[in-house]
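Heads up: the structure comes next, in structure tokens.
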Amino acid sequence: MCKGSKTIDQRKYYFNTSNGELMSMTAPIPYYMQTDSRWANKKYGSGTMASTGCAQTCAAMAFSFLKNQTILPPDVASWGYKNGYYNGKVTGTIGSFWPAISKHYGIACQGNLTVDQAIDALRHGKLVVAGMNPPNFTFEGTTHEIIIYGIDENNMVSVYDPYFKSHNKKYSIKQIFKEKSTDKGDCTSGGPIFALG
């Protein structure tokens with residue numbers, strides 16, 4: 001039984017000091033913005049990274065951490081565009097992107113997550129990506145992708161938003177699920193919320 005804290009593969013796990021139950025996890029995830037001047041104006045089909053590259057940017061953050069190597073948003077975007085998952089029939093990305101890009105990078109991907117499954121995944125060092133509806137993470141008429149990492153004993157999770165840096169803070173996991181995308185495209189292949197790792 002483990003008590004206190006333990007660091008494994010860049011992740012810090014915190015355990016209850018009385019019963020050894022896993023309580024929370026934190027991790028140093030790299031942060032990228034889709035509006036970064038190095039790639040913001042790169043055009044893929046009907047859009048640019050700045051306007052439509054949220055999922056690609058989230059994937060680059062997640063896979064850079066999980067693979068312990070530098071993977072940039074244009075690397076992911078080029079693969080997604082060439083394989084029909086990015087700015088193809090629809091502007092942006094659809095849910096089936098996540099299982100496909102995860103397989104490409106050799107990372108496990110689990111969809112159809114419940115709140116409890118997402119909590120368990122985060123406590124065990126996985127990352128979660130989520131397609132979101134308005135009002136807190138995007139504008140009316142659009143959906144937007146965020147990455148979720150770490151969780152505390154109150155089920156507050158850390159969020160990286162690739163477009164709105166001001167959104168990079170803690171949220172209740174229940175709020176994330178309450179605002180998850182209902183877009184038909186986002187909800188394919190087990191979306192709009194996936195655990196990675």
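The values are calculated or read from the model by the stated rules, or taken from the named source; none is laboratory data. Since the structure is predicted, the reported quantities are computational estimates derived from the model, not experimental observations. All Cβ positions, glycine included, derive from the backbone under ideal geometry; neighbour counts span all protein chains shown.
Can you find a residue that is farther than 26 Å from S37 by Cβ, in contact (Cβ under 8 Å) with a residue 40 or more places away in the chain and touching a Lys or Arg at 6+ places or on another chain (Cβ under 9 Å) anywhere in the range 167-181?
Restricting attention to the range 167-181, the residues satisfying the condition of being farther than 26 Å from S37 by Cβ are 170-181.
Next, only the ones that are in contact (Cβ under 8 Å) with a residue 40 or more places away in the chain stay: 173-174, 176-177, 179-181.
Within this subset, residues satisfying the condition of being touching a Lys or Arg at 6+ places or on another chain (Cβ under 9 Å) are none.
Within the range 167-181 (the criterion being farther than 26 Å from S37 by Cβ, in contact (Cβ under 8 Å) with a residue 40 or more places away in the chain and touching a Lys or Arg at 6+ places or on another chain (Cβ under 9 Å)), the answer is no, since none of the residues qualifies.
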Only one of (1) outside any helix (DSSP H, G or I); (2) more than 12 Å from the chain's Cα centre (by Cα); (3) not polar (S, T, N, Q) does not apply to D120, and that is (1)
Mind listing whichever residues of the range 109-140 are over 17 Å from A55 (Cα atoms) and among the hydrophobic types (A, V, I, L, M, F, W, C)?
-> L113, V115, A118, I119, A121, L122
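Can you name the residue in the range 123-152 that is part of a loop (DSSP other than H, G, I, E, B) and aromatic (F, W, Y) and, of all such residues, is nearest to A59 (Cα to Cα)?
Restricting attention to the range 123-152, the residues satisfying the condition of being part of a loop (DSSP other than H, G, I, E, B) are 124-126, 133-143, 152.
Subset that is aromatic (F, W, Y): 137, 139.
Values: F137: 17, F139: 21 Å.
Here the answer is F137.
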Could you tell me whether I151 is closer than 23 Å to L66 by Cβ, of a type in the set (A, V, I, L, M) and at pLDDT 95 or above?
-> no
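Check whether at least one residue in the range 17-27 is in a loop (DSSP other than H, G, I, E, B), modelled with pLDDT of 85 or more and not hydroxyl-bearing (S, T, Y), and report yes or no. Show your work before the answer.
Let us first name the residues in the range 17-27 that are in a loop (DSSP other than H, G, I, E, B), namely 17-21, 27.
This time we only want the ones that are modelled with pLDDT of 85 or more, so: none.
No, that holds for no residue.
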Applying the selection to the range 153-197, what residues are in a loop (DSSP other than H, G, I, E, B) and under 17 Å from I29 (Cβ atoms)?
-> D161, P162, Y163, F164, N168, K169, G197
